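The next block holds one structure in the form of structure tokens; read it before the comments.
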Amino acid sequence: MDSLLEKVYSIQPEDMDEYKKHLMVGGGSPGPCLVKGKGIRVSDINGKEYIDCTSQSWALYLGHGNDEIRDTVYEHMGNTGHIHQGFDTKPRFALAKKLAELAPKNLNRVSFTVGGGPAIEAAMKIALKNRPGARRFLTLKDAYHGTTLSTAGASWISTKAAGEFTGYQNFSRCLNDVFTRIPNPYLYQWDMTDNPEDCIDYCLKVARETLINGVCGPVAGIIVEPIQASGGQIPLPKRYLQGLRALCDEMGCLLIFDEIQTYCRIGSFFAANYYDVEPDIICLGKALGAGFPIAAVIIHDRLKGFDINGEELHTFANNSISQIAALKQIDIIERDNLLENANIVGKHIADRLSVMQKEIPQIGDIRQVGLHIGIEMVEDPVTKEPNKKAGEIKSKAMENGMILGTGGFRKNILKIKPPLITTLEEADEICDIFYKTLKEVL
């Protein structure tokens with residue numbers, strides 16, 4: 001073993017307090033110190049093993065310690081690693097071409113960046129460039145598009161949605177004020193009529209009224225997550241997305257899909273293809289690089305793209321290691337039919353959850369598309385009053401050997417989003433631990 005690795009790996013639990021003095025962490029829920037992983041499982045510094053139903057911030061589609069990704073990246077690093085953005089590289093060409101082939105047919109040009117927030121900002125730049133005179137964007141309630149000073153203004157973290165302001169109150173004076181929020185079609189909590197279709201009509205009507213009467217000047221674009229993740233795993237209905245597409249066409253603004261969490265996870269490479277709705281721009285991030293940092297925007301052929309004049313410049317926008325990892329991951333996903341597996345395993349988990357729901361009425365709603373799964377916990381299935389024990393359930397699940405996610409400011413949403421390689425047998429393990437955990441907490 002390399003001497004440096006040996007030194008780092010030899011850090012013991014009793015040493016952690018000394019090391020923690022030197023680190024700042026600005027987000028996330030505190031968890032154990034993880035040291036090793038394989039497949040869907042990961043182990044901590046004390047040797048305790050967990051099934052990882054978060055895929056580490058939803059970024060590891062092939063699980064932990066994938067041998068093929070490791071070997072391919074290692075071989076490639078013998079030739080090149082980081083390359084300046086101004087130089088051409090074969091991996092960048094290859095990944096751009098592959099993503100264009102997988103995306104909707106009219107989205108064929110790709111720009112790479114370093115993370116999801118910068119990808120949203122890149123999309124905003126494209127929209128502003130193609131909509132002269134426009135400066136505003138519409139986003140949805142419950143949206144989450146990042147934590148940069150630009151994207152935080154589009155995300156729930158800058159609002160009082162949680163009943164109090166988050167740490168972003170420290171930066172509110174500098175947050176981008178170009179965003180106007182419109183209601184999201186949150187069908188489960190729609191209570192104005194018995195017909196959920198009325199919710200879709202209402203949300204589209206407000207979107208239209210906002211474009212006409214609710215903002216000063218033209219709108220550059222509408223940014224939406226096809227499935228709102230941090231806000232509560234809320235799938236947007238196809239008719240709603242079709243309606244937004246029609247509104248954007250009518251009003252001349254761009255439709256921007258934030259697919260940072262939906263890419264591949266919903267059993268399709270792109271939600272745009274899954275919903276059969278063609279946006280003007282698609283943003284990617286998180287799992288695109290199989291655990292290596294990379295993000296991208298893909299734009300419609302009719303749009304003006306970036307010019308080489310400083311419009312979009314990042315030191316690590318041409319990280320060939322991440323590009324190779326992204327390409328290899330796509331190869332494995334296609335070869336091993338992992339999109340189909342996501343649909344099969346995701347439905348199996350949802351079916352198991354539906355059985356639990358008959359016994360445990362606090363399971364209010366089960367929202368599943370592929371392995372993009374959310375469970376809304378309620379006090380009563382009729383009133384749908386939130387059950388606030390999701391945090392307690394998450395902690396107890398950790399004790400029971402499983403890492404769960406929770407849904408942002410909604411204190412009653414649990415997330416089950418394991419790697420796409422999860423088998424039916426492993427799915428049953430997940431469901432067994434989840435059932436045991438619910439019975440213990442509730």
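Inspect all residues belonging to segment 69-83 and state whether any of them is surrounded by 15 or more Cβ atoms within 10 Å (Cβ to Cβ), within 23 Å of the chain's Cα centre (by Cα), of a type outside the set (D, E) and farther than 18 Å from N319 by Cα. Checked segment 69-83: no residue is surrounded by 15 or more Cβ atoms within 10 Å (Cβ to Cβ), within 23 Å of the chain's Cα centre (by Cα), of a type outside the set (D, E) and farther than 18 Å from N319 by Cα. Taking the criterion of being open to solvent by 40 Å² or more (accessible area, probe 1.4 Å) and under 11 Å from H314 (Cβ atoms), the residues of segment 108-126 that qualify are V114, E121. Listed here are the helices (runs of 4 or more DSSP H) enclosed by segment 14-123 that have at least 3 residues being in contact (Cβ under 8 Å) with a residue 24 or more places away in the chain: 55-58, 67-77, 90-102. Restricting segment 299-322 to residues that are outside any helix (DSSP H, G or I) and of a type in the set (A, V, I, L, M, F, W, C), the residue that is farthest from D258 (Cα to Cα) is I308. When segment 302-357 is filtered for residues that are of a type in the set (G, A, S) and open to solvent by less than 30 Å² (accessible area, probe 1.4 Å), the ones remaining, listed by number, are G305, A317, S320, S322, A325, A326, A342, G346, A350. Looking across segment 265-288, the residues that are among the hydroxyl-bearing types (S, T, Y) and farther than 19 Å from L247 by Cα come down to S268, Y274. Take D88 and tell me if it is crowded, with 17+ Cβ neighbours inside 10 Å and either out of contact with any Pro (no Cβ under 9 Å at 6 or more places or on another chain) or among the acidic types (D, E) (or both). It is false that D88 is crowded, with 17+ Cβ neighbours inside 10 Å and either out of contact with any Pro (no Cβ under 9 Å at 6 or more places or on another chain) or among the acidic types (D, E) (or both). If you filter segment 25-46 down to residues that are open to solvent by 10 Å² or more (accessible area, probe 1.4 Å), β-branched (V, I, T) and modelled with pLDDT of 95 or more, you find that the one that is farthest from S230 (Cα to Cα) is I45. Going through segment 132-153 one residue at a time, which ones are farther than 17 Å from I234 by Cα, in contact with a Phe, Trp or Tyr (Cβ under 9 Å, 6 or more places away or on another chain) and touching a residue at least 60 places away in the same chain (Cβ under 8 Å)? Residues satisfying the conditions are R136, F137, L138, T147.
Restricting the first member to segment 1-13 and to residues that are open to solvent by less than 90 Å² (accessible area, probe 1.4 Å), and the second to residues that are of a type in the set (A, V, I, L, M, F, W, C), the beta-carbon pairs closer than 7 Å and six or more apart or on different chains are P13/I45.
Residues that are part of a strand (DSSP E or B) and without any contact (Cβ under 8 Å) to a residue 60 or more places away in the chain were ranked within segment 249-279; the one that is farthest from G405 (Cα to Cα) is L255. Within the bounds of segment 47-67, is there any residue that is under 25 Å from the mean Cα position of the chain (by Cα), of a type in the set (S, T, N, Q) and surrounded by fewer than 16 Cβ atoms within 10 Å (Cβ to Cβ)? Yes, that holds for at least one residue. Pairs are defined by a Cβ separation below 6 Å, a sequence spacing of at least 6 or placement on different chains, a first member in segment 200-228 that is touching a residue at least 60 places away in the same chain (Cβ under 8 Å) and farther than 19 Å from K129 by Cα, and a second member that is open to solvent by less than 10 Å² (accessible area, probe 1.4 Å) and part of a loop (DSSP other than H, G, I, E, B); the pairs so defined are I227/T262. The number of residues in segment 376-391 that are more than 21 Å from E440 (Cβ to Cβ) and either in contact with a Leu (Cβ under 9 Å, 6 or more places away or on another chain) or among the polar types (S, T, N, Q) (or both) comes to 1. I'm checking my understanding of the structure. Among residues of segment 358-384 that are under 26 Å from the mean Cα position of the chain (by Cα) and open to solvent by 50 Å² or more (accessible area, probe 1.4 Å), which one is modelled with the highest pLDDT? By that ranking, first place goes to Q368.
Just one of the listed residues (I299, I282, I256) is crowded, with 24+ Cβ neighbours inside 10 Å, closer than 17 Å to A123 by Cα and over 15 Å from the mean Cα position of the chain (by Cα), namely I299. Against the list (1) open to solvent by less than 20 Å² (accessible area, probe 1.4 Å); (2) under 19 Å from L284 (Cα atoms); (3) of a type outside the set (S, T, Y), the condition K105 fails is (1). Would you be able to say whether some residue in segment 370-378 is free of Cβ contacts under 8 Å to residues at least 40 places away in the same chain and farther than 15 Å from L414 by Cα? Scanning segment 370-378 turns up no residue that is free of Cβ contacts under 8 Å to residues at least 40 places away in the same chain and farther than 15 Å from L414 by Cα.
The values are calculated or read from the model by the stated rules, or taken from the named source; none is laboratory data. None of the values given here were measured: they were computed from a predicted structure. Because the Cβ atoms are built from the backbone with ideal geometry, glycine has one as well, and the counts that use them run over all protein chains shown. Keep in mind that these areas ignore ligands, DNA and RNA; they rest on the heavy atoms of the full protein, side chains included. Shrake-Rupley method; radii C 1.70, N 1.55, O 1.52, S 1.80 Å.
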